[in-house]
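Worksheet for the structure shown next.
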């Protein structure tokens, strides 16, 4: 094997592909970006926002769940969740996550940084494999692989972590398609479809749309010949790949059915035009400037721009190489695809097609055209006579035009100030990076390339710009984060030092509450909690909070003013983070008293704590509860269980109906009395199991027992070994009838769609093996025929 340095030559190389070089080079650049932060963070890689409070605890939690075999129902996510359905969006289908499984759980936070290096390395490798197909000079393909791996989109989405997995593996789809149609090599496309389908169902929907665009735009190409046999063969591999991906895809899709975040659509003028005209500026400026910090948009500091993954910038090259490609080449599929993508980005309904026509604005599909932008940028380099004057001028004008944002007068109250950006220092730093990149690119094209010194300087400068702007981007993001001490000692260290741990496997289950603390601190500490920052939770949880007029979009964060919620949801302890106590003093909820201080936390104990599982003497119909004010409904649930229409008749003989809900005494003063009645009718115990939970009761008469576990169709209930119906109770939870005397109640969970997904996976494996065997047999027969003819 050639030494690594021999790959980095200035001569035109049309020989062997540089797969290893592409992978190692991307890994080295990524290491130069992440290792300084890992050294600063004492071995960890901390960032800010979603990465800190979601990705780190999610990965550690999912790792712990799978290693312990608890991958059915998850009591550690919100009030309880379908584990596969909730985490299929994040990491369950990603090979990068599964590479972490052999390591002990405490190492997961330490592995996040090295895993990023690996992901960026794979980004470089897969991009190279695709781009090199269209280039004579494989050295230029190395440049293209770095443009894709360290594009603004990829660097931006470290904030979401699992998005980088998608970026790394997406090129496999285009490689598989090209291999099948152009090379006649079968089998790879089906595997690429299965892998990408499992990695993330949300992104796969957009990938399917892009593949259709790519396929149609590729059809006129002379080497992309689609005969009937090729078309149906490609369709067969598409369906086959989808069969393989169903094991993760189907439970994930079913888990979000009914979620209001996916049920909102565009109407009227919003289909054709963005309501905020600045969004057009944001889209276009993303081509000329490095990505902005996700939660701190600066050029166009509107709310819509936050967390939208809006970036299509290529380091060093910017949009100049793409413009040169458009100006120096004839009709080709790359120009067609990019032109269609630009139109789709500027028309709201077309942009939303990548997200099943959801009304929320996202640019999370930009990584797909970015791959073709990288290809265009390096493909035009093969044309020694290509003109760059106009492209460089257009890029300069674009940078200059958007720089005016920092120079125009704006009104701030009664005062007039210069600049419409949010943060001037950061704004001009972004402008400076674009200006320096343009000057360096001009130097490469007009001063070094004529001397035959292009490739090595271009590679060195591209790596330097990629590292430099990434360091700036992450450093700015980290400035909005919790400090190292808080992340290390409180978030990661508080599980042992502060948290009061339940023992649910031995019947000691309770939830905790957190006030003024970091999001998802309960997940860091492995304590079931009512505070949760998680996008995918059971729809019954969302319906419950909406019924109480509590907003539940991506957070479950019921306010302390909803004091009746705490006993209803079996909250036993409340942690008040004294780090932030002065700015947000706690008004201690009714029923709580000081327990003790641990570290920086003041812990309160709920004296009205209700164990999981208790029976009622009275009930309300859903229609009766509707007449109560939303602020009183949770309080009413401590006096009477709320039943849906279908649950009233089967249970009416067990309880007394409240004649008039408006006469209920729903006061703070008598809440202790109501809780005492429910405590007297509590279950003997409550134990979590690997597929649900187990509870025992001992009542004098038949009862309807309520469990504050989110209602989910995947549950099956058994009382004394006999299957019994599950009734929806208190809007979002479950209840079952239990007989008098000692009884054992068992709830078993199976994710909806998982059984079908397992059948599909088995079918995929069997058919694929037979398919490969058939291909091998056909090749052998063909070789035999060729030899016979000779």
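The values are calculated or read from the model by the stated rules, or taken from the named source; none is laboratory data. Here the structure is a predicted model, which is why all the values come from computation and not from measurement. Note that each Cβ is placed from the backbone with ideal geometry, even for glycine, and that neighbours are counted across all protein chains shown.
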Scan the range 405-416 and tell me whether some residue there is assigned by TED's automatic domain parsing to the domain that holds residue 283, assigned to a helix (DSSP H, G or I) and closer than 24 Å to residue 300 by Cβ. yes
Is it true that some residue in the range 360-379 is surrounded by fewer than 17 Cβ atoms within 10 Å (Cβ to Cβ) and either assigned by TED's automatic domain parsing to the domain that holds residue 317 or over 22 Å from residue 474 (Cα atoms) (or both)? yes
Would it be correct to say that residue 486 is buried (at least 16 other Cβ atoms within 10 Å of the Cβ), touching a residue at least 40 places away in the same chain (Cβ under 8 Å) and either in a loop (DSSP other than H, G, I, E, B) or within 29 Å of the chain's Cα centre (by Cα) (or both)? yes
Would the range 63-76 turn up any residue that is without any contact (Cβ under 8 Å) to a residue 24 or more places away in the chain and in contact with a strand residue (DSSP E or B) (Cβ under 6 Å, 6 or more places away or on another chain)? yes
Answer yes or no: is there a residue in the range 210-231 that is within 18 Å of residue 757 (Cβ to Cβ) and in a helix (DSSP H, G or I). no
Out of all the residues in the range 382-398, is one or more surrounded by fewer than 18 Cβ atoms within 10 Å (Cβ to Cβ), touching a strand residue (DSSP E or B) at 6+ places or on another chain (Cβ under 8 Å), over 18 Å from residue 461 (Cα atoms) and modelled with pLDDT under 95? no
What number goes with the only condition from (1) outside the structural domain of residue 732 (by TED's automatic domain parsing); (2) surrounded by 13 or more Cβ atoms within 10 Å (Cβ to Cβ) that residue 674 does not pass? (1)
Out of all the residues in the range 270-303, which are outside any loop (DSSP other than H, G, I, E, B), in contact (Cβ under 8 Å) with a residue 40 or more places away in the chain and buried (at least 18 other Cβ atoms within 10 Å of the Cβ)? 279, 283, 285
Output the helices (runs of 4 or more DSSP H) that fall wholly within the range 25-125 and possess 3 or more residues being surrounded by 21 or more Cβ atoms within 10 Å (Cβ to Cβ), or say none. 56-68, 83-87
Please verify whether residue 67 is in contact with a helix residue (DSSP H, G or I) (Cβ under 9 Å, 6 or more places away or on another chain) and more than 28 Å from residue 471 (Cβ to Cβ), treating the condition exactly as stated. yes
Among the residues of the range 755-782, how many are free of Cβ contacts under 8 Å to residues at least 12 places away in the same chain and under 20 Å from residue 233 (Cβ atoms)? 12
Condition test on residue 158, is it free of Cβ contacts under 8 Å to residues at least 60 places away in the same chain, under 22 Å from residue 468 (Cβ atoms), part of a helix (DSSP H, G or I) and assigned by TED's automatic domain parsing to the domain that holds residue 366? no
Can you tell me which of (1) in contact with a strand residue (DSSP E or B) (Cβ under 7 Å, 6 or more places away or on another chain); (2) not assigned by TED's automatic domain parsing to the domain that holds residue 724 is the one residue 590 doesn't meet? (1)
Could you figure out which of (1) assigned to a helix (DSSP H, G or I); (2) touching a strand residue (DSSP E or B) at 6+ places or on another chain (Cβ under 9 Å); (3) not assigned by TED's automatic domain parsing to the domain that holds residue 531 isn't true of residue 620? (1)
Residue 194: passes all of (1) assigned to a loop (DSSP other than H, G, I, E, B); (2) more than 24 Å from residue 342 (Cβ to Cβ) but (1)
Criterion first (out of contact with any strand residue (DSSP E or B) (no Cβ under 6 Å at 6 or more places or on another chain), surrounded by 15 or more Cβ atoms within 10 Å (Cβ to Cβ) and assigned by TED's automatic domain parsing to the domain that holds residue 735) does residue 652 satisfy it? no
Return the only residue of 460, 464 being at negative phi, in the same structural domain as residue 24 (by TED's automatic domain parsing), part of a helix (DSSP H, G or I) and under 32 Å from the mean Cα position of the chain (by Cα). 464
Is one or more of the residues making up the range 512-522 part of a helix (DSSP H, G or I), under 21 Å from the mean Cα position of the chain (by Cα) and closer than 21 Å to residue 604 by Cβ? yes
Against the definition (surrounded by fewer than 24 Cβ atoms within 10 Å (Cβ to Cβ) and free of Cβ contacts under 8 Å to residues at least 24 places away in the same chain), how does residue 346 come out, yes or no? no
Give the residues of the range 181-191 that are assigned to a helix (DSSP H, G or I) and either touching a strand residue (DSSP E or B) at 6+ places or on another chain (Cβ under 6 Å) or surrounded by 16 or more Cβ atoms within 10 Å (Cβ to Cβ) (or both), sorted by residue number. 181, 188, 189, 190, 191
Applying the selection to the range 688-703, what residues are modelled with pLDDT of 95 or more, in contact with a helix residue (DSSP H, G or I) (Cβ under 9 Å, 6 or more places away or on another chain) and surrounded by fewer than 23 Cβ atoms within 10 Å (Cβ to Cβ)? 701, 702
So which residues in the range 721-738 are buried (at least 21 other Cβ atoms within 10 Å of the Cβ) and not in a loop (DSSP other than H, G, I, E, B)? 727, 729, 733, 734, 735, 736, 738
Pick out the one residue from 705, 709 that is part of a loop (DSSP other than H, G, I, E, B) and in contact (Cβ under 8 Å) with a residue 60 or more places away in the chain. 709
(1) free of Cβ contacts under 8 Å to residues at least 40 places away in the same chain; (2) touching a helix residue (DSSP H, G or I) at 6+ places or on another chain (Cβ under 9 Å); (3) not in a helix (DSSP H, G or I) all hold for residue 351 apart from (3)
Among the candidates 338, 314, which residue alone is crowded, with 23+ Cβ neighbours inside 10 Å and within 31 Å of the chain's Cα centre (by Cα)? 314
Tally, over the range 328-346, of residues that are part of a loop (DSSP other than H, G, I, E, B) and touching a helix residue (DSSP H, G or I) at 6+ places or on another chain (Cβ under 8 Å): 1
Just the residues that are more than 42 Å from the chain's Cα centre (by Cα) and assigned to a strand (DSSP E or B), please, taken from the range 669-702. 698, 699
